[in-house]
Structures are given as C-alpha cells and as structure tokens.
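*Asks:* To start, I am sharing the structure in question, which I have written as structure tokens.
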C-alpha cells in the first residue's frame with residue numbers, strides 16, 4: 001500500500017537517534033528508498049533547513065543511549081518539541097537494532113513516558129525493533145541478531161549478552177520494557193502480520209482496547225516490514241504526528257509506504273558525490289569482536305596502528321601533552337602516506353579494558369563515562385589531524401565513541417554519499433570550517449561491517 005496523502009514539500013519523517021552510528025543507519029534506511037534525508041547535530045531551524053532544498057526527512061543525532069533517566073528527562077523534552085514543530089507526519093525515536101538499554105542507562109521505558117507530554121493525542125506507542133536488512137528479527141516478541149553467519153537470541157548473543165555497559169539478559173522486548181518501568185505492552189506477532197492489512201488492523205484494534213502503553217511489532221521478512229509500514233500509515237491518520245520507537249526498520253517500513261519500494265545505493269543529489277582518496281583515518285573505541293576482526297584485518301593489510309592509553313587521557317597533569325604527542329604521531333604517519341588506525345582496545349578480552357575500568361573507579365568515575373571520555377578525546381585528535389594534514393576520509397568505530405567524537409569535529413550536518421555495509425554508510429559532512437566541510441565520514445557501530453570494512457572504505 002502506497003500512501004500519497006502527504007502533501008508535496010512536507011517533511012515525511014523526523015527522527016532522533018540515541019547514538020550517532022544509529023543515526024546514520026536511520027538516515028541510510030530512508031535515503032536508499034529515495035527520500036532525501038539530512039542528519040543534523042541539533043534540531044535545525046528554518047534558516048538551516050533552507051540550505052537543503054527538497055529535504056524530505058530530518059534527523060537529529062543524539063547520545064541518549066548513554067544517559068540515565070534523569071539526564072533523559074532534562075534532554076529529550078525540548079528535542080521532542082523541536083521535532084514536532086518541524087511538522088513531519090512521523091517522529092521516530094531511533095534505538096539500536098539490538099535494543100541495548102537498561103534501567104539505569106538508555107532506559108527506553110523512560111522515553112515512552114517522556115514522549116506522552118509532547119504527543120498527548122497518542123494513547124499508545126508502536127515499538128518496532130526488527131530490521132531484516134541488518135539481520136535483526138523479532139519473533140513472538142523475542143529479539144534476535146546475527147553475528148558471523150549465525151542468528152542468536154538477544155540474551156545469548158556473544159556480544160550483546162556481555163556488553164560492557166548494557167548487557168542484555170532478556171530477549172522478550174515486552175519484558176525488557178516492563179523491567180525498565182513501562183506499563184502494559186501488547187504484541188502484533190509474525191502470524192498476525194501474515195494476514196491481510198485489514199485483518200492486522202482489526203487485531204491491533206482489539207489489542208488497543210486493553211489500553212497498553214506500547215505495542216511491539218514482530219518482523220522476520222521484508223514483507224513483514226512493509227505490512228508494519230502500512231499499519232503505521234493507517235494509525236497516523238488518527239495521531240499526527242505519529243511517535244514511534246524503533247530501529248532503522250522504522251525507516252524501511254515508512255519508506256515502503258511513502259518512498260520507493262526499490263532501493264538505491266546512492267542519493268541523486270550531485271552535492272553529495274564521492275571523491276577518490278588515497279588514505280583513510282580510523283579511530284575506534286569499540287570493544288566488539290566484530291571490530292576486533294576488522295582492526296586486525298586492516299593492520300595486516302597496510303594500515304599503521306596506534307594503541308591509545310586511557311590513563312594518559314585522564315591524567316590532568318599530562319593530558320594536553322599526551323594529546324599533542326598522539327596528534328604528532330598521527331600526523332607523521334599521514335604525511336608519510338600511511339592509512340592510520342587509532343584504537344583503544346583490540347576486542348572484548350583486551351587487558352586494557354579492565355585496567356581502564358579500574359582507573360576510572362579509582363578516580364571516582366562511572367564505567368559508563370568511558371564512552372564520553374574516550375569519544376571526546378578521539379574526536380579532538382581526529383579534528384586536529386584533519387586540520388593539519390588535510391586527510392579527507394574518516395571512520396569512527398563504536399556507537400558511544402561516535403556520539404562524542406563526531407561533536408568534536410565542528411560539523412553541523414551530514415548527508416549520505418553511498419552505502420558501504422548495511423547500517424554504516426559513507427556521509428558528507430557540512431561545516432562552517434572549510435578544512436572540515438566536505439569531509440567524508442563513516443560512523444560504524446561495533447557490530448556492523450565485514451572483516452575488510454576499513455579497507456573497503458579506503459578503496460571506494
């Protein structure tokens with residue numbers, strides 16, 4: 001079902017990403033279906049939007065995934081109001097496709113509660129986390145994610161079950177939400193979605209008669225995603241804008257109704273063309289085994305590596321000198337024609353992780369602060385290296401790392417150039433600093449990309 005009811009020139013969907021890698025993932029899910037999408041670092045005003053004629057979707061890259069509920073209550077209300085004022089037909093709170101969250105950090109039930117003050121006309125919230133394009137599936141409420149060719153239930157996933165900040169010990173998304181403080185949560189499962197649109201709509205109405213706070217939607221196939229999109233389009237007619245919580249699967253679902261059913265790898269806009277490069281700068285704060293393989297592959301195929309120490313970052317007496325030393329090392333490598341990786345850990349078993357955590361505790365810091373500290377540091381180093389050497393392509397690896405590092409670059413917006421690996425596209429940066437403007441940037445979550453991802457980005 002294609003919905004042509006949205007007037008020409010109107011913003012179809014606006015979204016807030018709970019981290020930066022997820023935000024570029026959400027942008028990609030819309031762009032590949034022909035919807036021009038620009039990702040901003042703050043809610044744009046009309047003057048900023050006017051710089052992007054023909055824009056159809058607006059994103060705001062955030063970092064609420066690492067916030068506690070009190071921080072979310074301070075941060076999110078103004079963002080939700082700003083997105084609503086853009087006049088889009090859908091407002092999407094974009095979460096990671098592995099739903100990593102907890103009572104203390106990135107609490108999604110808190111998001112449901114906060115949203116009710118802005119979207120008062122909406123009595124329930126759709127929750128759609130599946131994204132088959134990323135090999136993320138929800139079946140009978142339980143969530144699954146692939147890794148190295150195998151599909152794991154979320155609470156048995158080799159990485160997510162042992163995530164250093166938000167380990168996932170439950171796979172049923174209804175229970176995850178309720179453990180975080182949500183009220184009743186209903187489910188539209190895969191068997192329901194196999195029915196006709198009218199049948200699914202009738203089932204949803206029966207579920208809504210129980211007055212749930214949220215309804216989780218399953219999806220195993222692209223056909224399920226399209227069915228969910230059709231149902232959300234119907235629901236929008238009684239709640240405009242429609243507030244939705246979910247992964248980039250939401251973008252694919254909405255695009256199936258309001259965009260093109262076929263996908264493209266590149267946007268049509270000539271301002272976002274890719275340029276050939278000879279060198280690549282990579283900074284990584286990810287502990288993922290997937291990233292570990294990617295780092296090792298690149299280091300074995302010509303990249304130079306610098307292993308960064310958190311101790312030097314946190315030592316206030318030496319931090320400026322340590323930063324300058326790293327910048328000098330990095331600039332020297334780039335000037336000698338090298339592609340460079342600066343990384344904080346080589347996989348989840350790197351002994352530096354426990355040492356870093358011990359040092360943070362000794363300094364009275366929370367372990368959850370590591371993303372902020374490392375990300376800000378990596379971003380500052382990256383900005384100085386780019387400004388001093390003129391290197392034009394950068395990859396930031398790690399969700400929390402990306403959220404903080406990107407803000408240090410001095411950019412105000414991004415737009416997708418081309419797909420690389422699902423969920424981690426190459427983007428063009430917009431900045432008032434001419435040394436940064438036009439930078440090509442890929443933000444890669446720890447779980448995304450093949451083993452040769454970094455060499456793939458270099459050779460595009």
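The values are calculated or read from the model by the stated rules, or taken from the named source; none is laboratory data. A quick note: this is a predicted structure, and the numbers were derived from the prediction, not measured. Every residue, glycine as well, gets a Cβ built from its backbone with ideal geometry; the counts of neighbours run over all protein chains shown.
*Asks:* For segment 132-216, list the strands (runs of 3 or more DSSP E) that sit wholly inside it and hold at least 1 residues that are at pLDDT below 95 and under 21 Å from the mean Cα position of the chain (by Cα); which are they? Give the steps one after another, and end with the answer.
*Replies:* Values: elements: 136-139, 142-147, 150-153, 185-188.
Output list reads 142-147.
*Asks:* What number goes with the only condition from (1) under 15 Å from residue 249 (Cα atoms); (2) touching a strand residue (DSSP E or B) at 6+ places or on another chain (Cβ under 7 Å); (3) modelled with pLDDT under 95 that residue 27 does not pass?
*Replies:* Exception for residue 27: condition (3).
*Asks:* Would you mind stating whether residue 158 is surrounded by fewer than 17 Cβ atoms within 10 Å (Cβ to Cβ), in contact with a strand residue (DSSP E or B) (Cβ under 7 Å, 6 or more places away or on another chain) and more than 21 Å from residue 233 (Cα to Cα)? Working first, answer last.
*Replies:* Numbers: surrounded by fewer than 17 Cβ atoms within 10 Å (Cβ to Cβ): yes; in contact with a strand residue (DSSP E or B) (Cβ under 7 Å, 6 or more places away or on another chain): yes; more than 21 Å from residue 233 (Cα to Cα): yes.
In short, yes.
*Asks:* What helices (runs of 4 or more DSSP H), lying completely within segment 1-116, carry at least 2 residues that are touching a helix residue (DSSP H, G or I) at 6+ places or on another chain (Cβ under 9 Å)?
*Replies:* Working: elements: 20-31, 46-49, 69-85.
Counting at least 2 such residues, we get 20-31, 69-85.
*Asks:* Is it the case that residue 435 is in a loop (DSSP other than H, G, I, E, B), over 24 Å from residue 31 (Cβ atoms) and at pLDDT 95 or above?
*Replies:* Working: in a loop (DSSP other than H, G, I, E, B): yes; over 24 Å from residue 31 (Cβ atoms): yes; at pLDDT 95 or above: yes.
So residue 435 fits the description; yes.
*Asks:* Here's something else I'd like to know. Residues of segment 398-424 being in a strand (DSSP E or B) and modelled with pLDDT under 95, which ones?
*Replies:* Start the filter on segment 398-424 by keeping residues that are in a strand (DSSP E or B), which leaves 413-421, 424.
Of everything in segment 398-424, those that are in a strand (DSSP E or B) and modelled with pLDDT under 95 turn out to be 419, 420, 421, 424.
*Asks:* Looking at 70, 88 in this structure, which one is more than 19 Å from the chain's Cα centre (by Cα), modelled with pLDDT of 95 or more and crowded, with 20+ Cβ neighbours inside 10 Å?
*Replies:* On the way: 70 fails: crowded, with 20+ Cβ neighbours inside 10 Å.
Only one candidate passes the filter, namely 88.
*Asks:* A further question follows. Out of segment 33-49, which residues are within 22 Å of residue 258 (Cα to Cα) and over 16 Å from the mean Cα position of the chain (by Cα)?
*Replies:* Of everything in segment 33-49, those that are within 22 Å of residue 258 (Cα to Cα) and over 16 Å from the mean Cα position of the chain (by Cα) turn out to be 33, 34, 35, 36, 49.
*Asks:* Examine segment 374-387 for a residue that is within 21 Å of the chain's Cα centre (by Cα) and outside any helix (DSSP H, G or I), and state whether such a residue exists.
*Replies:* no
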